[in-house]
Structures are given as C-alpha cells and as structure tokens.
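Read through the structure below, which is laid out as structure tokens, and then see the notes.
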Amino acid sequence: MKKFLSFTNGNKIELANIYAIASNYSKHAKEMGTTIPDEPVIFLKPSSAYIPNGGTILLPKISNEVHHEVELVVVIGKDGCNITMEEAYKYIAGYAVGIDVTLRDIQRKAKTDGKPWGIAKGFYTSAPISDVVPADTFGNEIPNFDLLLTVDGELRQKANTSSMERSVAELVSVISKIFTLNEGDCIFTGTPDGVGKIVPGNQIYAELTGYVSLTCYVENNLWR
Ligand code: MG
C-alpha cells in the first residue's frame with residue numbers, strides 16, 4: 001500500500017525508504033553505555049513501520065521493554081547521489097518530528113549476539129512521523145530545531161539539534177554516497193538522552209517546538 005507524508009502547507013509526498021542513525025548525541029550514547037562511532041551507524045525501517053500523527057504504536061508480545069526515541073526527521077525532496085554537504089539543503093523537502101520506537105531488550109540481545117537490528121527497530125508501527133514543515137520556510141539554511149517528548153504529560157526528552165555529532169548535511173551526504181537518496185526518503189537523525197519505557201495506555205506527545213507536533217497512543221499488539 002502506498003503511504004504519503006503530509007506537509008503543513010497541504011502538499012503530499014509518497015513515502016519511500018526510512019533511514020535512521022544510531023548514537024548521534026553524546027549524552028544518549030553515554031546513557032546506552034557506548035560512544036560516538038567513528039563512522040555513522042545507519043539502519044533502516046520498512047515503510048510498513050510508518051504511522052501518521054494520531055496513530056497508535058502497537059507493542060509486540062516479543063518485547064517487555066519498548067522505548068521512545070524522539071528525533072528530527074529529514075524528508076528528501078528529490079533523487080540524488082554523491083551529494084556534498086554544501087549542496088545537501090537542495091535535496092531536502094522538509095522537516096518533521098518522529099519517534100524511533102525501539103524494542104530495547106531485543107536490540108540489546110541482537111548487539112550481544114552480533115545480529116542485525118531489523119526486528120528491534122523495524123517492527124510494525126515503529127516509525128511515527130508528524131506532518132512535514134516545508135524546507136523552503138528556511139531558505140538555503142538547514143536550521144536547528146528544539147525537540148521534546150512527553151509521556152502522559154511528563155517531560156522525558158528535550159534537546160536542540162545543534163547537539164548532534166553529525167549534522168543533517170553530513171548525514172544526507174553520507175547516505176547519498178552509500179545508498180543514493182530518493183524523493184520521499186526519510187532520515188531519522190538520532191535521539192538525544194532521556195529515552196525510556198512506554199506501556200499500553202500512554203499518550204506520547206513530541207514536537208519540533210514552534211513548528212509541528214505529533215501525538216501517538218500506545219496499545220498492545222494482540223496478534224504478535
Ligand atoms: Mg534512534
């Protein structure tokens with residue numbers, strides 16, 4: 001089934017690939033007991049993981065520890081490869097806030113066993129993404145954003161994207177050289193510190209402060 005992201009100005013774009021970056025804020029790397037990697041660690045989520053604003057995160061039975069990770073999401077507006085950092089802004093259609101929902105216990109075991117993160121990071125409903133703020137709002141600039149996330153009204157994560165170890169321009173450039181980038185691709189750019197558990201009944205609220213917000217609900221997945 002085709003999926004579309006909505007822009008705050010009413011435009012739409014068909015969702016393509018979802019890339020994500022691990023360990024891009026030093027305080028979060030520290031809370032995970034790790035450090036910033038020498039090369040970016042990139043993983044993918046299937047498009048079936050996407051849910052829009054107002055959607056419900058379904059917790060699978062295989063995990064007892066599901067975490068929220070609030071992130072700036074960059075939406076790509078045109079195909080490109082070997083993009084330089086200086087040209088990166090030309091390929092960005094807009095910015096959204098997303099939650100990289102993570103099965104932390106499954107991810108921890110995968111790390112220990114040397115296995116990929118596909119299930120821990122890509123399960124059904126693991127990629128809520130808000131509406132998209134058009135990039136032309138910011139001219140030729142790639143701006144920094146204030147991000148926050150609350151669970152049932154309690155503040156869990158708050159940061160500015162200027163704390164990212166690798167900038168949006170660098171991530172666009174690197175991903176374009178390895179995978180190439182397509183119109184409709186999304187890049188989850190990493191989470192700041194404060195990640196934590198979510199449980200059925202929670203209401204999760206996230207925002208790019210001053211621009212766009214995302215509300216999600218949490219329930220058990222009754223089938224899996
Ligand atoms: Mg993440």
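The values are calculated or read from the model by the stated rules, or taken from the named source; none is laboratory data. Treat the numbers as computed from the prediction; the structure is a model and nothing was measured. Please note: Cβ atoms are built from the backbone with ideal geometry, for glycine as well, and neighbour counts cover all protein chains shown. What goes into the accessible areas is simple: the full protein's heavy atoms, side chains included, and nothing from ligands, DNA or RNA. Shrake-Rupley method; radii C 1.70, N 1.55, O 1.52, S 1.80 Å.
List pairs: first residue in the stretch 140-162 and within 18 Å of Ile92 (Cα to Cα), second residue among the acidic types (Asp, Glu) anywhere in the structure, Cβ distance under 9 angstrom, at least six positions apart or on different chains.
Thr161/Asp146
Sort out which residues of the stretch 147-158 are outside any loop (DSSP other than H, G, I, E, B) and out of contact with any helix residue (DSSP H, G or I) (no Cβ under 8 Å at 6 or more places or on another chain), and write them in order of number.
If the condition is that a residue be outside any loop (DSSP other than H, G, I, E, B) and out of contact with any helix residue (DSSP H, G or I) (no Cβ under 8 Å at 6 or more places or on another chain), then Leu148, Leu149, Thr150, Val151, Glu154, Leu155, Arg156, Gln157, Lys158 are the ones that fit.
Taking the stretch 1-19 as the search range and keeping residues that are in a loop (DSSP other than H, G, I, E, B) and not small (Gly, Ala, Ser), which one is modelled with the lowest pLDDT?
Met1
Please count how many residues of the stretch 34-59 are among the hydroxyl-bearing types (Ser, Thr, Tyr), more than 12 Å from the chain's Cα centre (by Cα) and closer than 16 Å to Asp100 by Cα.
Adding up the residues that qualify gives 3.
Quick one: which of Lys121, Lys78 is of a type outside the set (Asp, Glu), under 20 Å from the mean Cα position of the chain (by Cα), over 18 Å from Ser162 (Cα atoms) and surrounded by 22 or more Cβ atoms within 10 Å (Cβ to Cβ)?
Just one listed residue meets the conditions, Lys121.
Inside the stretch 94-105, can you point out the residues that are away from the ligand (no atom under 12 Å from the Cβ) and surrounded by fewer than 22 Cβ atoms within 10 Å (Cβ to Cβ)?
Residue satisfying the conditions is Asp105 alone.
Looking only at residues that are among the aliphatic types (A, V, I, L, M) and either open to solvent by less than 50 Å² (accessible area, probe 1.4 Å) or at positive phi (or both) in the stretch 20-35, which one is modelled with the lowest pLDDT?
Of everything passing the filter in the stretch 20-35, Ala29 is modelled with the lowest pLDDT.
Check Asn160, Asn144 and return the single one that is open to solvent by less than 60 Å² (accessible area, probe 1.4 Å), over 20 Å from Tyr124 (Cβ atoms) and under 17 Å from the mean Cα position of the chain (by Cα).
Just one listed residue meets the conditions, Asn160.
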